Amino acid sequence: MSIEVRNITKSFGQFKALDNVSIKINAGELVALLGPSGSGKTTLLRIIAGLEVPDPTSGPIFFGGEDVARRKVGQRGVGFVFQHYALFRHMTVFDNIAFGLTVKPRKIRPTKEQIRARVSELLHMIQLDNLADRYPNQLSGGQRQRVALARALAVRPKVLLLDEPFGALDAKVRVELRGWLRRLHEEIHLTSVFVTHDQDEALELADRVAVMNNGHIEQFDKPDYVFHHPSTPFVMNFLGQVNQFRGRLGRTGEIHIGQYAGVAEEMVAANTSDWASEANASFFVRPHDLAITRQPREGQLSFPGTILRVHSAGVRIRVELQSDEGEPMLAEVSHARWERLGLKAGDRCFVTPQSVRIFDAVDTPAAARTTETPKAGASASGEEKAS
Amino acid sequence: MARPALLQRSVLPGFGLTMGFTVLYLSLIVLIPLSGLFIVTSHLSLSDFLQIMSNDLVKKSFTLTFRASFVAAVVNAFFGFIVAWVLVRYWFPGRRIIDAMVDLPFAMPTAVSGIALAQIYSEHGWLGSHFSFPIRGTEIGVTIALIFIGMPFVIRTLQPSLQEIDKELEEVSASLGANRWQTFTKVIFPAVLPAFITGFAMAFARAIGEYGSVLFIGGMIPGKTEIMSSVILSKLYEENGHIAASAVAIVMLAASFGILLAINLVQLWANRRFANAQ
């Protein structure tokens with residue numbers, strides 16, 4: 001069943017958690033709402049579920065063709081899974097899963113045998129056949145989350161909503177459960193939406209990813225498209241690490257950063273019509289697109305830097321650098337290339353951005369221009385995962 | 001090899017001294033007086049003991065004490081639950097004042113509450129005059145006094161337990177289609193049941209031992225409103241009364257002990273089942 005919300009706004013006092021958000025999710029799709037904390041992703045999920053009421057100015061919420069905005073959570077036919085499982089501690093695994101069936105009005109309640117059959121089917125699906133009589137506190141985190149999922153699925157919901165479903169699990173279990181959920185989704189093809197702040201999780205698991213920031217959706221696309229063609233600086237920043245430089249874009253397409261100027265091998269602008277005039281711009285370069293050389297490259301934008309630290313544990317070598325203006329930079333090179341370069345921490349070198357993505361290439365008043373110093377920063381959105 | 005847990009030396013200093021003090025203190029204050037009670041009673045033969053117990057007035061006071069205490073505990077359990085529910089789940093002006101008032105029966109001298117209740121429920125009192133039947137000097141009066149002094153127990157034991165209930169539990173229950181009543185009976189109430197039972201048992205135990213407040217409103221009329229504590233007192237004035245008084249006291253002690261044991265068993269059961277589910 002497809003989900004569509006239109007113009008949803010939700011305020012908590014002065015704070016707008018969601019600002020006129022619309023999204024359409026196709027039937028059978030697995031969609032991730034990805035964003036930092038406070039971006040409104042959980043609020044959007046809870047509004048879809050009916051656990052939160054949007055502001056009165058908001059538009060409809062369609063499940064299939066039906067507007068369910070006025071229905072309560074119990075009448076919407078959603079399965080909701082919480083980050084901390086929210087299992088009923090005083091009930092066994094069996095009773096937890098059976099809960100949604102046992103509370104049905106007597107007229108439509110399945111018989112005891114039907115309930116038993118349905119629960120064992122689900123227990124089998126979550127691979128916990130033998131643990132029906134256990135209590136939640138006798139299960140591991142991953143097992144508890146699977147029970148919570150089975151409980152949500154028992155009533156055959158039309159959509160499945162998961163709020164940071166793997167957030168409370170440790171890294172290894174998280175990856176396992178992710179793969180398991182993906183396979184499960186391929187089996188049952190239930191329209192599912194999950195909230196996460198972990199970009200790996202979103203990119204690996206979802207059919208489409210909605211990147212959220214400050215109460216609105218920045219981009220809603222297939223994972224590889226979101227990753228390779230981010231439409232806003234925020235998306236670029238949030239999905240993987242990126243070096244950000246502030247500078248100017250010349251009329252002929254050359255980049256000015258501080259005193260250095262030149263072109264890059266590849267330049268992609270979100271909005272090419274703005275190239276016409278000279279403008280202030282932010283230049284984004286992924287660490288693997290920042291080449292390290294001993295000499296500046298002719299005709300290209302190259303500027304000097306100092307190697308601060310080298311992390312060689314990993315598939316690729318990660319090099320922390322500092323520009324002469326004192327801004328940190330991050331580059332990624334292969335082991336082979338690093339050996340040929342023969343550089344070490346403390347050495348001077350040149351960095352050459354090879355693929356540059358340009359956003360907000362628009363004219364800014366001269367006054368604003370003077371306050372903008374050339375800036376390069378390696379933002380580490382990967383840190384989010386630790387929280 | 002590790003020594004048995006009991007013999008393991010603690011890293012924290014001062015164990016010997018503080019443990020010694022604890023044992024001495026408990027012995028002087030609790031164990032020795034209680035064992036004295038048993039020693040005095042042991043002078044009685046079983047038949048004498050049964051004879052004392054089968055005395056009509058003693059039997060009546062037993063029945064009264066347990067019945068009134070039980071009724072009071074049930075009433076407290078029911079209304080205490082509502083009060084705790086309101087105090088935990090809603091915010092309203094004056095909430096803190098009401099919350100503080102709950103402790104009054106704990107803090108008030110029982111004589112004070114006794115005299116206050118006796119006046120208000122007497123035939124001409126503010127409340128008593130509105131009833132067609134007398135309250136002061138009857139079992140109803142006794143029960144009211146016991147309700148008064150037992151009230152905080154249920155509320156205070158339930159509050160933390162109700163507070164602990166995650167909003168998500170109710171949300172998940174609602175999302176699975178349960179109505180509010182089902183959410184209450186199947187999710188919330190079972191989660192606070194151990195605390196509820198404990199609160200009930202504590203109110204019950206407290207009521208059995210109450211003396212002061214019942215004295216005023218009940219009047220300690222033998223065979224009518226005389227409770228066990230009062231029987232013990234009156235026995236003391238009889239010839240060789242201290243033995244008979246001790247015999248009655250032993251029964252009360254056994255009852256208190258039984259309730260205490262029940263509370264601990266409930267807690268043990270609850271801990272086994274519900275501990276650290278997060």
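The values are calculated or read from the model by the stated rules, or taken from the named source; none is laboratory data. Since the model is a prediction, treat every value here as computed from it, not as a measurement. Glycine gets a Cβ as well: all are built from the backbone with ideal geometry, and neighbour counts include every protein chain shown. Protein only, heavy atoms only, side chains kept; ligands, DNA and RNA dropped before computing areas. Shrake-Rupley method; radii C 1.70, N 1.55, O 1.52, S 1.80 Å.
Which members of region A:91-100 meet the condition of being in contact (Cβ under 8 Å) with a residue 40 or more places away in the chain and more than 9 Å from every other protein chain (Cβ to nearest Cβ)? Please lay out each step first, then the result.
Within region A:91-100, the first condition is being in contact (Cβ under 8 Å) with a residue 40 or more places away in the chain, and the residues that meet it are A:91-93, A:96-100.
Correct list: A:Thr92, A:Val93, A:Asn96, A:Ile97, A:Ala98.
Given the criteria of a type in the set (Val, Ile, Thr) and within 12 Å of chain B (Cβ to nearest Cβ), does A:Thr111 qualify?
Working: of a type in the set (Val, Ile, Thr): yes; within 12 Å of chain B (Cβ to nearest Cβ): no.
For A:Thr111, the condition - of a type in the set (Val, Ile, Thr) and within 12 Å of chain B (Cβ to nearest Cβ) - is not met.
So, in region B:146-186, of the ones that are more than 8 Å from chain A (Cβ to nearest Cβ) and β-branched (Val, Ile, Thr), which residue ends up farthest from A:Leu160 (Cα to Cα)? Before you say what the answer is, go through the steps one by one.
Keep residues of region B:146-186 that are more than 8 Å from chain A (Cβ to nearest Cβ), which gives B:146-165, B:167, B:170, B:180-181, B:183-185.
Cutting the leftovers down to β-branched (Val, Ile, Thr) gives us B:147, B:149, B:154-155, B:157, B:165, B:183, B:185.
Values: B:Ile147: 49, B:Ile149: 51, B:Val154: 40, B:Ile155: 39, B:Thr157: 38, B:Ile165: 24, B:Thr183: 21, B:Thr185: 26 Å.
Out of the qualifying residues, it is B:Ile149.
Restricting attention to region A:86-94, does a residue exist that is in a loop (DSSP other than H, G, I, E, B) and under 29 Å from the mean Cα position of the chain (by Cα)?
Initial filter on region A:86-94 (in a loop (DSSP other than H, G, I, E, B)): A:86-92.
In the following step, the residues that additionally are under 29 Å from the mean Cα position of the chain (by Cα) were identified as A:86-87.
Looking for residues that are in a loop (DSSP other than H, G, I, E, B) and under 29 Å from the mean Cα position of the chain (by Cα), one finds at least one in region A:86-94, hence yes.
Being among the aromatic types (Phe, Trp, Tyr), at pLDDT 90 or above, surrounded by 12 or more Cβ atoms within 10 Å (Cβ to Cβ) and out of contact with any helix residue (DSSP H, G or I) (no Cβ under 6 Å at 6 or more places or on another chain) is the requirement here; does B:Phe62 meet it? Lay out the reasoning, then the answer.
Details: among the aromatic types (Phe, Trp, Tyr): yes; at pLDDT 90 or above: no; surrounded by 12 or more Cβ atoms within 10 Å (Cβ to Cβ): yes; out of contact with any helix residue (DSSP H, G or I) (no Cβ under 6 Å at 6 or more places or on another chain): yes.
No, not satisfied.
Yes or no, residue by residue, for (1) within 14 Å of chain B (Cβ to nearest Cβ); (2) in contact (Cβ under 8 Å) with a residue 60 or more places away in the chain:
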{"position": "A:Leu160", "(1), (2)": "yes, yes"}
{"position": "A:Asp163", "(1), (2)": "yes, yes"}
{"position": "A:Phe166", "(1), (2)": "no, no"}
{"position": "A:Glu187", "(1), (2)": "no, no"}
{"position": "A:Val211", "(1), (2)": "no, yes"}
{"position": "A:Ile217", "(1), (2)": "no, yes"}
{"position": "A:Asp224", "(1), (2)": "no, no"}
{"position": "A:Phe234", "(1), (2)": "no, no"}
{"position": "A:Phe238", "(1), (2)": "no, yes"}
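Out of A:Ser37, A:Ser22, A:Ser58, I need the residue that is within 30 Å of A:Met236 (Cβ to Cβ) and assigned to a strand (DSSP E or B). Which one? Give the derivation first.
On the way: A:Ser37 fails: assigned to a strand (DSSP E or B); A:Ser58 fails: assigned to a strand (DSSP E or B).
After applying the criteria, what remains is A:Ser22.
Is it the case, given these coordinates, that B:Val231 is free of Cβ contacts under 8 Å to residues at least 40 places away in the same chain and either within 14 Å of another protein chain (Cβ to nearest Cβ) or crowded, with 22+ Cβ neighbours inside 10 Å (or both)? Please lay out each step first, then the result.
Details: free of Cβ contacts under 8 Å to residues at least 40 places away in the same chain: no; either within 14 Å of another protein chain (Cβ to nearest Cβ) or crowded, with 22+ Cβ neighbours inside 10 Å (or both): yes.
When the stated conditions are applied, B:Val231 does not pass them.
List the number of the failed condition for A:Gly167; all other conditions in (1) in contact with a helix residue (DSSP H, G or I) (Cβ under 8 Å, 6 or more places away or on another chain); (2) open to solvent by less than 70 Å² (accessible area, probe 1.4 Å); (3) under 23 Å from A:Thr42 (Cβ atoms); (4) modelled with pLDDT under 90 hold.
Against the list (1) in contact with a helix residue (DSSP H, G or I) (Cβ under 8 Å, 6 or more places away or on another chain); (2) open to solvent by less than 70 Å² (accessible area, probe 1.4 Å); (3) under 23 Å from A:Thr42 (Cβ atoms); (4) modelled with pLDDT under 90, A:Gly167 comes up short only on (1).
Could you please give the count of residues in region B:133-161 that are more than 17 Å from B:Met220 (Cβ to Cβ) and open to solvent by less than 20 Å² (accessible area, probe 1.4 Å)?
The total comes to 5.
Only one of B:Gly223, B:Gly209 is of a type outside the set (S, T, N, Q) and modelled with pLDDT under 85. Can you tell me which?
Working: B:Gly209 fails: modelled with pLDDT under 85.
Residue meeting the stated conditions: B:Gly223.
Filtering region A:50-90 down to residues that are among the hydroxyl-bearing types (Ser, Thr, Tyr) and crowded, with 19+ Cβ neighbours inside 10 Å, which residue is nearest to the other protein chains (Cβ to nearest Cβ)?
Within region A:50-90, the first condition is being among the hydroxyl-bearing types (Ser, Thr, Tyr), and the residues that meet it are A:57-58, A:85.
Next cut, crowded, with 19+ Cβ neighbours inside 10 Å only: A:58, A:85.
Values: A:Ser58: 20, A:Tyr85: 8 Å.
Only one residue tops the list, namely A:Tyr85.
Please determine, by comparing only the residues of region B:165-183 that are assigned to a helix (DSSP H, G or I), open to solvent by 50 Å² or more (accessible area, probe 1.4 Å) and at pLDDT 90 or above, which one is farthest from A:Pro157 (Cα to Cα). Spell out the reasoning first.
Of all residues in region B:165-183, those assigned to a helix (DSSP H, G or I) come to B:167-175, B:180-183.
Applying the additional criterion that residues be open to solvent by 50 Å² or more (accessible area, probe 1.4 Å) yields B:167, B:180-181.
Next cut, at pLDDT 90 or above only: B:180-181.
On the way: B:Arg180: 20, B:Trp181: 22 Å.
Result: B:Trp181.
Test B:Ala191 against the criterion of being within 23 Å of A:Asn96 (Cβ to Cβ), in a helix (DSSP H, G or I) and within 14 Å of chain A (Cβ to nearest Cβ), and give yes or no. First the steps, then the outcome.
Values: within 23 Å of A:Asn96 (Cβ to Cβ): yes; in a helix (DSSP H, G or I): yes; within 14 Å of chain A (Cβ to nearest Cβ): yes.
Answer is yes for this residue.
Quick one: is B:Ser61 touching a Gly at 6+ places or on another chain (Cβ under 9 Å) and more than 15 Å from B:Thr157 (Cβ to Cβ)? Spell out the reasoning first.
Values: touching a Gly at 6+ places or on another chain (Cβ under 9 Å): yes; more than 15 Å from B:Thr157 (Cβ to Cβ): yes.
It is true that B:Ser61 is touching a Gly at 6+ places or on another chain (Cβ under 9 Å) and more than 15 Å from B:Thr157 (Cβ to Cβ).
Of all the residues that make up region A:181-239, how many are open to solvent by 40 Å² or more (accessible area, probe 1.4 Å), at negative phi and out of contact with any strand residue (DSSP E or B) (no Cβ under 7 Å at 6 or more places or on another chain)?
12
Take the residues of region A:122-148 that are surrounded by 22 or more Cβ atoms within 10 Å (Cβ to Cβ) and within 12 Å of chain B (Cβ to nearest Cβ): which is farthest from A:His189 (Cα to Cα)?
A:Pro136
Please determine, by comparing only the residues of region B:205-219 that are within 22 Å of B:Phe79 (Cβ to Cβ) and open to solvent by 30 Å² or more (accessible area, probe 1.4 Å), which one is nearest to the other protein chains (Cβ to nearest Cβ).
So the residue we want is B:Ala205.
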